[in-house]
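What follows draws every value from the coordinates through simple rules; no lab data is involved. Note that the structure is a prediction, hence the values are computed from the model and not measured. Counting neighbours? That spans all protein chains shown, and the Cβs are built from the backbone with ideal geometry, glycine included.
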Amino acid sequence: MKGRIFLLTGFLFALTAIRFWLGANLELSPLEAYHYLWAQHPGISYYSQGPGVAIAILAGTSVLGPTELGVRLFSPVIAVGTSILVYLLANKLFRERVAFWAVIALNFLPWFNLQSILITVDSLSVFFWVAAVYAFWLAIERRPRFSIFWPLTGIIVGLGFLCRYENALALLSIVIFILVVPRYRRELLRPNLYVLLVCFTLFLAPPIVWNIAHEWLGLEQVSPQAILNLLLKIRISHLSESLQTQLLLYSPVILVGLLIALLGSIPKAFQNTRICLLLTFTWPLILVYLTKDLHEIGDPTLPGPALVILGIVATHFWVSAAEDRKLVAGICIAALAFSGIQACLIVNTNLLRSLSISVPDRLDAISSSHGWKTIAETIDKFRTDFEHKLGARVFLIGNDYQTASILSFYLPDKRVEGPGDPPVFIPESQDIQSEFSFWPRYDEFAPPDPSAKHDTTFSEEEGVNRFIDRTALYVTNQPEAAPPQNLQSAFTRWELLKVYELERKDLPFRQIRIFACYQYQTLPL
């Protein structure tokens with residue numbers, strides 16, 4: 001046992017060092033840059049999620065500055081924390097050998113390795129999901145008397161909720177577990193469970209306060225009409241497309257092993273409380289993901305927390321099966337090795353390309369982060385040259401929030417136009433598209449200076465727009481022949497100035513188009 005603990009400690013230490021190095025040397029993905037902008041606009045909550053990831057990034061950049069490692073500082077740390085929790089949970093429910101192999105298998109997952117390097121809501125979500133399961137079991141062990149683990153479970157679920165709203169499904173898992181296990185049903189008559197729920201309820205305050213301040217716009221995503229529109233769009237093909245991504249992120253051999261273990265453990269769940277606990281923290285989240293995936297191609301990382309818990313069940317299943325069967329043990333080791341290789345390749349697909357193996361961009365999990373620093377530097381130089389010819393300053397507009405975010409991070413000269421302005425805007429729209437819709441925008445009107453004379457020809461209720469008659473550079477990574485119609489309507493004229501081709505291994509990789517949009521006049525009302 002001590003030997004395995006020593007080996008596991010060394011394994012995690014070495015892996016964490018590698019993850020820190022990769023986090024410092026890999027370019028940010030557009031989504032990471034977007035969350036970095038969240039951290040630059042601190043709020044009690046945000047339109048699409050709680051403030052968890054923004055707080056983590058703000059803390060990291062406060063220590064190391066606005067660098068790749070500063071943004072990602074806590075990802076490797078959270079991964080170690082998740083590994084420790086998986087070890088403690090598996091050791092508590094089963095035995096130390098299962099705990100050892102559960103941590104090894106977790107860290108060999110391609111998806112978990114990505115989340116251990118990149119900063120996303122998923123790494124935080126998984127950490128708090130596993131922590132909630134562990135704290136809840138400690139509370140259940142001490143029943144019927146009250147223990148600190150009941151409110152602690154509610155707090156942990158609440159913290160996870162502020163990182164990713166789907167973490168609230170842990171409450172459903174807790175209630176289901178209490179209902180399906182006869183000897184725990186009396187908890188419904190005791191105050192313990194309700195203390196847990198009250199503690200969680202406190203964490204509803206940030207999104208509620210945000211929605212009150214923004215006329216409940218956050219609830220538009222779950223309005224009856226939005227849900228009805230989603231339910232009417234059933235596409236079986238979405239499942240097949242999602243499966244391809246799942247095979248990449250979670251490894252085909254690991255997914256097959258999880259499925260076999262799930263089917264083999266369901267009958268045992270009726271006799272084994274520990275297996276029942278883990279499965280009740282697995283299937284609700286997976287069911288929600290599959291339901292959403294039938295109607296639209298959803299986030300492939302959504303079932304991640306459930307699969308980590310299922311991984312503990314699978315480890316127990318396969319360790320027990322391999323004890324007296326050398327062939328099964330060999331297959332398990334081979335599956336882990338294959339998954340480990342896939343985890344290495346998913347971080348650097350150029351290793352495959354160097355062997356003349358083609359990797360489609362849609363199957364390259366970090367292809368979105370490649371080359372943006374070079375692109376931003378090129379755009380910055382182009383802007384300077386264009387301004388010199390034009391004789392006036394211009395402002396930048398990206399085709400979507402991800403392009404605008406990554407350019408905002410990597411532009412050498414940020415050129416913030418005013419307090420709270422992002423360095424790069426997105427096209428104006430009356431629809432709520434992202435957090436950019438709540439930050440200062442180029443189509444906004446400000447109250448005029450009462451001491452100054454001004455032309456109100458293009459004003460809203462005699463307000464003043466800072467960008468009237470100015471020129472913008474519209475930057476897009478899509479093969480657009482012209483700017484979108486709302487830009488064409490808001491500017492007097494436009495022209496395509498430059499097309500940049502970024503290559504990777506002497507092959508076209510990303511195309512960037514720059515349009516000049518002259519004399520902004522605002523969209524007609």
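For the chain, lysine pairs with C-alpha atoms less than 26 angstrom apart, excluding pairs fewer than eight positions apart on the same chain, total 17.
Which whole-number percent gives the relative contact order of region 2-350, counting Cα pairs below 8 Å spaced six or more residues apart?
Working: 431 pairs, mean separation 66.5, N = 349.
Here the relative contact order equals 19 percent.
Computed from the C-beta positions of Ala329 and Asp385 and an R0 of 56 Å, the FRET efficiency is 0.30 to the nearest 0.05. Taking 0.36 nm per residue of separation and subtracting the Cα-Cα distance, full extension of the segment from Leu345 to Ala213 would add 43.0 nm.
The per residue volume of the convex hull around the alpha-carbon atoms of region 371-520 is 126 Å³.
Size estimate for region 120-230 follows the Kirkwood approach: the inverse of mean 1/r over distinct Cα pairs works out to 15.1 Å. Shape summary of region 1-125, radius of gyration then Dmax from alpha carbon positions: 15.8, 48 Å.
Along its principal axes, region 42-92 has C-alpha extents of 39, 26, 13 angstrom, given from the largest down.
Extension gain, Leu259-Ser48: 0.36 nm per intervening residue step, less the Cα-Cα distance, totals 72.8 nm.
Between Ala168 and Arg393, the modelled labels are 4.3 nm apart [label points 7 Å from Cα along Cα→Cβ]. With the simple spin-label model, which puts each label point 7 Å out from Cα in the Cβ direction, the Leu523 to Lys268 separation comes to 5.7 nm.
Against the main long axis of the alpha-carbon atoms of the chain, helix 237-250 sits at an angle near 70°. Placing one equal scatterer on every Cα of the chain and applying the Debye formula, the log10 ratio I(q)/I(0) at q = 0.07, 0.08, 0.10, 0.11 Å⁻¹ is -0.46, -0.59, -0.89, -1.05.
Where both bridge residues fall in region 371-520, DSSP classifies roughly 70% of the beta bridges as antiparallel. Where does helix 74-93 land angle-wise versus the long Cα axis of the chain, in degrees 0 to 90, nearest 10? Orientation of helix 74-93: about 20 degrees from the principal axis. With a simple spin-label model that places each label point 7 Å from the Cα along the Cα-to-Cβ direction, the separation between His41 and Glu480 comes to 1.9 nm. Centroid-to-centroid, using Cα positions, region 52-105 and region 257-323 are 21 Å apart. Between the helical axis of 121-141 and the longest alpha-carbon principal axis of the chain there is an angle of about 30 degrees. Expressed to the nearest 5 percent, the antiparallel share of DSSP beta bridges inside the chain is 70 percent.
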